[in-house]
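Below: the structure, in structure tokens.
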């Protein structure tokens, strides 16, 4: 049987972003071979490099697998054909050969020109309508939509991590350890101090348990955070800590259990439900401090997604998961920086909703959180392994101590 050949092109910071090695490894790992036809290296730190390779595979199936994987690394078939569109057969169902979207900058060739794909996110499909291309989730697809199928006509441009993150070049790896906390805090503080990018915090209840709720509130109050994404638990324990001085029944000052303290988070839920919302609890003067208080006072958007574990929940929590996803996605629009603060579930969920160009900083005591984010495609994530309460305190002191 004759072998299959394809010519592919790649352009970007191929060497310092480690892309060439990944391209070679991908071809070999999937049973193919390659021949370098052209390779032009950028002459300075701003110029991109360009490569043209011949890919050889034993059969069409192997070739399609290789091309699919290489497309996520920014490679394109030399002659970019038109995309192949197919009609959606019914609501929420797409043709079996649908193209699955990534979080990288994506263009498609349609009508003889390149269209930039909007509403970019992972794990969706690309819909073309009225000469516009955008990503939709399966659940939003309706009969009659035209979706991109196969790989033809799709051009992906990945972010070039090392070049774009020179401010974090002090980290030898993707996950920094506690010995570098001060240096990491200084770099993140510099990013926030510029106030030239929209910053969204994705925070878990550990922020409150570790004593960081007040400092997170201070960052919100002084305009360093422009939106808050979390679940029911963060709000509940933040309110509990400010009404009853406990978090999960533990006194935040002494670190000791409080008698009958286990019911305090339920008392907090009851107070919010009595008032009707967190905003009402603030406006009536019952809640006077903390993360949620400052969020309401600063009038920044927030979204609380419910889960199976929730007590209550409070009225502000969105219990419909599709609705919660949509609400999170709206708040994330035009975001430049995401701070992921000790919440594996919400961090991974948000990682699926943002383009790869968004700087993502993950703070967690568990190094596996950053690894899981990367495994699921959020390759832009940089991480610090440390106590999130200490991190929030240090960064708040760095930014606000002189105000």
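List of remarks:
- Filter pass, residue 249 being under 17 Å from residue 210 (Cβ atoms), assigned by TED's automatic domain parsing to the domain that holds residue 235 and surrounded by 13 or more Cβ atoms within 10 Å (Cβ to Cβ): yes
Table: residues versus (1) surrounded by 20 or more Cβ atoms within 10 Å (Cβ to Cβ); (2) free of Cβ contacts under 8 Å to residues at least 60 places away in the same chain; (3) under 25 Å from residue 322 (Cα atoms); (4) in contact with a helix residue (DSSP H, G or I) (Cβ under 6 Å, 6 or more places away or on another chain).
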| position | (1), (2), (3), (4) |
| --- | --- |
| 81 | no, no, no, no |
| 91 | no, yes, yes, no |
| 96 | no, yes, yes, no |
| 100 | no, yes, yes, no |
| 120 | yes, no, yes, no |
| 126 | yes, yes, yes, no |
| 129 | no, yes, yes, no |
| 133 | yes, yes, yes, no |
| 150 | no, no, no, no |
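- Failed condition for residue 14, given (1) surrounded by 17 or more Cβ atoms within 10 Å (Cβ to Cβ); (2) at pLDDT below 90; (3) not in a loop (DSSP other than H, G, I, E, B): (3)
- Test result for residue 361, touching a helix residue (DSSP H, G or I) at 6+ places or on another chain (Cβ under 7 Å), closer than 17 Å to residue 192 by Cβ and at pLDDT 85 or above: yes
- Check on residue 50, surrounded by 14 or more Cβ atoms within 10 Å (Cβ to Cβ) and either closer than 21 Å to residue 154 by Cβ or over 28 Å from the mean Cα position of the chain (by Cα) (or both): yes
- Test: residue in region 168-190 that is at pLDDT below 90 and on the phi > 0 side of the Ramachandran plot: no
- Count of region 95-120 residues which are within 25 Å of the chain's Cα centre (by Cα) and at negative phi: 16
- Scanning region 63-75 for residues that are in contact (Cβ under 8 Å) with a residue 60 or more places away in the chain and under 25 Å from the mean Cα position of the chain (by Cα) gives 68, 70, 71, 72, 73, 74, 75.
- In region 272-295, the residues that are closer than 23 Å to residue 389 by Cβ reach residues that are at pLDDT 95 or above and part of a loop (DSSP other than H, G, I, E, B) with C-beta atoms within less than 6 angstrom, at least six apart or across chains, in these pairs: 278/316; 293/287.
- Only one entry in 255, 223, 212 is assigned by TED's automatic domain parsing to the domain that holds residue 198, surrounded by fewer than 17 Cβ atoms within 10 Å (Cβ to Cβ) and under 22 Å from residue 386 (Cβ atoms), namely 255.
- In the set 233, 193, only one residue is touching a residue at least 40 places away in the same chain (Cβ under 8 Å), assigned to a helix (DSSP H, G or I) and farther than 16 Å from residue 395 by Cβ; that residue is 233.
The values are calculated or read from the model by the stated rules, or taken from the named source; none is laboratory data. Note that the structure is predicted; figures quoted are calculated from it, not measured. Note that each Cβ is placed from the backbone with ideal geometry, even for glycine, and that neighbours are counted across all protein chains shown.
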